[in-house]
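Below: one structure, written as structure tokens.
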Amino acid sequence: MHGLMMQQPLLVASLLTHAERHHGGQEIVSRRVEGDIHRYCYRDLAQRARKLANALAGLGINQGERVGTLAWNGYRHMELYFAVSGSGAVLHTLNPRLHVDQLAYIIDHADDRVIFFDLTFLPLIESVASRIKSPKVFVAMTDRASMPAKHDLPIMLLCYEDLIDGHRDDFSWPLLDENHASSLCYTSGTTGNPKGVLYSHRSTILHTYAAALPDSLNCSARDVILPVVPMFHVNAWGLPYIACMVGAKLVFPGPALDGKSLYELIEAEQVTLSAGVPTVWQGLLRHVAERGTTFTSMRRTIVGGAPCPTAMTTEFQERYQVDVLHAWGMTELSPVGTVCSFKAHHLSWPTPQRYAVQAKQGRGVFGIDMRIVGPDGEELSWDGQVTGDLQVRGPWVTSGYFGSEDASPLSDGWFPTGDVAKIDPDGFMQITDRSKDVIKSGGEWISSIDIENVACLHPEVASAVCIAARHPKWDERPLLLIVKKPESALGGDELLEFFDGRVAKWWKPDAVVFVDAVPLGATGKVLKNQLRDQFRDYYLTA
Ligand code: ADP
């Protein structure tokens, strides 16, 4: 029909061309694995991404083929993000924290043609290489001077800078179908083999628009964004794409994710917005408290991947005036699903009630439709009380897993998240558990997350995990595992008394076990299944 809007496919490369044209001089700063700080701007990024696209063509990479990366957050990884997807191949980000057998499985399953890796991962790549079926081309993401003198790889090792140096910087990004695949990320797979989630150009661009909005991650050209969340974990929550769309300065931390290194980078580059999982922020907060210093530029931090304890929100906001944006997402959701931004009427609420809102995972961003359902699939009400299985649907929610012959995971067109949640009348969703972590005491559900939240409020608790342990009378009862702060003499009874008046009586855990550390999985989350195995019979044998 005449007079309609232009037909332009939504393509990842357009983010880069936009950034080059409108924000060409905006900086991208990276701490490198080589140890130094590297700086350049979006103009350089675009030019090198085009050279890299020519290099990929030179390596014989065709459209639709997978290109693996095993890399920290940095500018070369960013170049791969755009060169690979932009030229029509599929960027497959590999999580180096996975077990080597799982990595080999994923690389074979995705049939990666080339693997680009940061030098830190050479030993890992060497052990993976001996386990994978088809030979690959390996590229070390460094320059000639830093290339390893020797290695155990079965075939020749290429050097990233040499590879792109030999190529021209003119490349026309192909006009792809917007439903063409752009990137691939496997879920961390705490049970069974990891499953691949395949994003399209269209889903990526729509997700980028939605995630950048003021009530979402709230990113603008005036921001200096530090994605601590890795680029190998659900595209660093979309921040590399968002930064291009809005023209924000980007700061990449490389491999140095300890509190001191992060703090120094935040201050040196005057970061305004950061993003990461609670475990990373714990290290940062500890460092800042020990040094008795403060944040001079950081105004907001996005906390997701695991529940953000109220104690952490309070510390960020009251001690340092850094607003916490609690967000929920999944690999299957690209990842942003909900973000906890206040509505106008919350602003006049008393402080404790505002913190109660911020403990929720937030409201759905436009594009994500959600509902909670009961055991028979019936939709449950949004009364803020009743809990049910959380389901979502939308243009950046997966419809199935890559290369999987299993039946579709969808139920009635909805994706079952595996999370148990309640939704309040304002539309704020709160996760009470993973469905497999729920504690069922005498037929009633107890939220392990609520219990952990209360324990973390105690000043001598460093971290808290609540799990279900089998119980002779109640089937299951909550058991609390606690890592104490250094030099704390906190006793179990004292901590349990702390729960009085803070949770319903029958929710109070029956016992506390003090542990030195809790096991963390590949994405920095507590491996509750491992702890459940270890402590399952605690109440039966105690
Ligand atoms: P990511 O860690 O980036 O969110 P994953 O796919 O690895 O992505 O994990 C998704 C799961 O992590 C969710 O289904 C949920 O159980 C948990 N999760 C993510 N964000 C939160 C949050 N803010 N609070 C509680 N759980 C969360």
### Message
Can you list the strands (runs of 3 or more DSSP E) lying wholly within region 23-122 that have 3 or more residues being within 19 Å of GLY403 (Cα to Cα) and not hydroxyl-bearing (Ser, Thr, Tyr)?
### Response
66-70, 90-93
### Message
Going through LYS484, LYS505 one at a time, which residue ends up being among the charged types (D, E, K, R) and surrounded by 17 or more Cβ atoms within 10 Å (Cβ to Cβ)?
### Response
LYS484
### Query
Quick one: would you say ASP406 is more than 19 Å from TRP328 (Cβ to Cβ) and either out of contact with any Cys (no Cβ under 8 Å at 6 or more places or on another chain) or open to solvent by 20 Å² or more (accessible area, probe 1.4 Å) (or both)?
yes
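Quick grid of which residues meet (1) open to solvent by 60 Å² or more (accessible area, probe 1.4 Å); (2) not hydrophobic (A, V, I, L, M, F, W, C):
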{"residue": "SER341", "(1), (2)": "no, yes"}
{"residue": "HIS346", "(1), (2)": "no, yes"}
{"residue": "GLN353", "(1), (2)": "yes, yes"}
{"residue": "GLN358", "(1), (2)": "no, yes"}
{"residue": "GLN361", "(1), (2)": "no, yes"}
{"residue": "ILE368", "(1), (2)": "no, no"}
{"residue": "ILE372", "(1), (2)": "no, no"}
{"residue": "GLY377", "(1), (2)": "no, yes"}
### Query
When residues of region 19-40 are filtered for being open to solvent by 10 Å² or more (accessible area, probe 1.4 Å), of a type outside the set (D, E, K, R) and in contact with a Gly (Cβ under 8 Å, 6 or more places away or on another chain), how many remain?
5
### Task
Give the number of residues within region 157-174 that are more than 22 Å from ALA140 (Cβ to Cβ) and crowded, with 18+ Cβ neighbours inside 10 Å.
2
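From the list GLY524, GLY492, which residue is open to solvent by less than 70 Å² (accessible area, probe 1.4 Å) and either in contact with a strand residue (DSSP E or B) (Cβ under 6 Å, 6 or more places away or on another chain) or over 30 Å from HIS233 (Cβ atoms) (or both)?
After ruling out the rest, the residue left standing is GLY492.
Listed here are the residues, each with its yes/no results for (1) farther than 19 Å from LEU198 by Cα; (2) polar (S, T, N, Q); (3) crowded, with 21+ Cβ neighbours inside 10 Å.
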| site | (1), (2), (3) |
| --- | --- |
| TYR42 | yes, no, yes |
| ALA46 | yes, no, yes |
| VAL84 | no, no, yes |
| SER87 | no, yes, yes |
| ILE106 | no, no, yes |
| ASP111 | no, no, no |
| THR120 | yes, yes, no |
### Task
Among residues belonging to region 287-311 that are small (Gly, Ala, Ser) and more than 12 Å from the ligand (Cβ to nearest atom), point out the one that is nearest to the chain's Cα centre (by Cα).
ALA311
### Query
So which helices (runs of 4 or more DSSP H) stay within region 203-295 end to end and still have 1 or more residues that are within 29 Å of HIS18 (Cβ to Cβ)?
234-237, 239-246, 259-269
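Does any residue of region 158-172 turn out to be within 16 Å of the ligand (Cβ to nearest atom) and of a type in the set (A, V, I, L, M, F, W, C)?
Initial filter on region 158-172 (within 16 Å of the ligand (Cβ to nearest atom)): none.
No: zero hits.
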### Matching residues, region 442-467, being over 29 Å from LEU285 (Cβ atoms) and either of a type in the set (Asp, Glu) or under 28 Å from the mean Cα position of the chain (by Cα) (or both)
GLU444, TRP445
### Task
Could you run through region 254-281 and say how many residues are in contact with an Asp or Glu (Cβ under 9 Å, 6 or more places away or on another chain), of a type in the set (Gly, Ala, Ser) and crowded, with 21+ Cβ neighbours inside 10 Å?
1
### Query
Which ones in region 418-447 are near the ligand (Cβ under 10 Å from one of its atoms), among the hydroxyl-bearing types (Ser, Thr, Tyr) and modelled with pLDDT of 85 or more?
THR432
### Query
Taking region 409-422, which residues are of a type outside the set (Gly, Ala, Ser) and open to solvent by less than 30 Å² (accessible area, probe 1.4 Å)?
TRP414, PHE415, THR417, ASP419, VAL420
### Task
Kindly establish whether PRO459 is closer than 29 Å to CYS340 by Cβ, modelled with pLDDT under 95 and either surrounded by 14 or more Cβ atoms within 10 Å (Cβ to Cβ) or out of contact with any strand residue (DSSP E or B) (no Cβ under 8 Å at 6 or more places or on another chain) (or both).
yes
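May I ask you to verify whether GLY58 is touching a helix residue (DSSP H, G or I) at 6+ places or on another chain (Cβ under 9 Å), in contact (Cβ under 8 Å) with a residue 60 or more places away in the chain and of a type outside the set (Phe, Trp, Tyr)?
Yes, satisfied.
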### Filter result for the condition that a residue is touching a Phe, Trp or Tyr at 6+ places or on another chain (Cβ under 7 Å) and within 16 Å of the ligand (Cβ to nearest atom), over ILE482, ILE451
ILE451
### Query
Restricting attention to region 312-332, which residues are buried (at least 20 other Cβ atoms within 10 Å of the Cβ), more than 8 Å from the ligand (Cβ to nearest atom) and part of a helix (DSSP H, G or I)?
MET312, THR313, PHE316
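The values are calculated or read from the model by the stated rules, or taken from the named source; none is laboratory data. Just so we're clear, the structure is a prediction, and the values are computed from it rather than from any experiment. For neighbour counting, all protein chains shown are included, and Cβ atoms are generated from backbone atoms with ideal geometry for every residue, glycine included. The area values use the complete protein model at the heavy-atom level, side chains included, leaving out ligands, DNA and RNA. Shrake-Rupley method; radii C 1.70, N 1.55, O 1.52, S 1.80 Å.
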